[in-house]
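Data block below; observations after.
Any read-out appearing in this document is the output of simple, stated calculations on the displayed coordinates, not a laboratory observation. This is a predicted model, so every value here is computed, not measured. Glycine gets a Cβ as well: all are built from the backbone with ideal geometry, and neighbour counts include every protein chain shown.
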Amino acid sequence: MNSAKTQITRKNVSAPMRWIVDNLYFSPFEDVLHFGEGKAFEDTRLLSNPPYGSGPLVFAYDPNSPDVYKRDRQRINPEFITYAHGVSIYVFNTLLPSERKAAFEDMMRCCDNLIIAVRTDKVSGSPVLGYDGVTTQRGTFQTQLDTGAWMEWFKRVSPEWASVSLLHNGGHFCIIEVSR
């Protein structure tokens, strides 16, 4: 599967990022990682410049970015930098379970608090035998998990000392927070 094909160029901010900025506060003194930015540049801009005033210093990481700087794995190396918050929008629902777990572990290593938005709607496609999703007409993978299944998955892969909570459920997505 090629998760790079799931990247959508957005002219507007995504609904999950709008919810995050409207309901959570990020201090301008804390660094934030936009994990899996893709082509959601408007999301990164809003996170950096929220309507409530000065925003945090936001860094973007995406292994499929055409920008060499944004795909540099040093951006998620905890020996190099640790972020107060990691925000990921519609990334985990495009990954096969083993890739999803690896991406989650990457975020956990470099971020103290994770805010992850995932799709909860059913996407048309052909079921992938032995996996929790479908292959779409574009040849991409999309999970078919609902909010309860996502909560279960994040609790299962999180370290036992981590706190997993549901921040939002609705609008075909949920937002889950995993914190230390």
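Laid out as a table, the results:
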{"quantity": "Peptides ranked, highest mean first, by Cβ atoms within 10 Å: ranges 159-170, 133-144, 106-117, 33-44", "calculated": "33-44, 106-117, 133-144, 159-170"}
{"quantity": "Gyration tensor (alpha-carbon) shape descriptor, the chain, a/c threshold 1.5", "calculated": "rounded"}
{"quantity": "The chain - share of DSSP beta bridges that are antiparallel (%, nearest 5)", "calculated": "60 percent"}
{"quantity": "Eligible aspartates and glutamates near K155 by straight Cα distance, threshold 18 Å, same-chain separation 8 or greater", "calculated": "E99, E105, D106, D112, D132, D146, E177"}
{"quantity": "Per-pair calculated FRET efficiency, R0 = 22 Å: E99 and K155 via Cβ, rounded to 0.05", "calculated": "0.70"}
{"quantity": "Förster-model FRET efficiency, 41 Å R0, L129 and D22, C-beta, rounded to 0.05", "calculated": "0.55"}
{"quantity": "Dipole magnitude of segment 3-179, debye to nearest 20 (Cβ charges: Lys/Arg +1, Asp/Glu -1, about Cα centre)", "calculated": "580 debye"}
{"quantity": "Over the chain, relative contact order from alpha-carbon pairs under 8 Å, at least 6 apart, %", "calculated": "19 percent"}
{"quantity": "Top positive-direction residue, dipole computed over the chain with Cβ charges, set G36, W153, C110", "calculated": "G36"}
{"quantity": "Hits among aspartates and glutamates - C-alpha to C-alpha of K39 under 15 Å, sequence gap 8 or more where chains match", "calculated": "D62, D67"}
{"quantity": "Ranked list, fewest to most other Cβ atoms within 10 Å of each Cβ, for S27, S48", "calculated": "S27, S48"}
{"quantity": "Residue-averaged [θ]222 nm for the chain, counting only DSSP H segments that reach four residues, each worth -39500 (n - 2.57)", "calculated": "-7000 deg cm²/dmol"}
{"quantity": "Residue among G55, G133, Y69 farthest towards the positive dipole end of the chain, charges placed on Cβ", "calculated": "G133"}
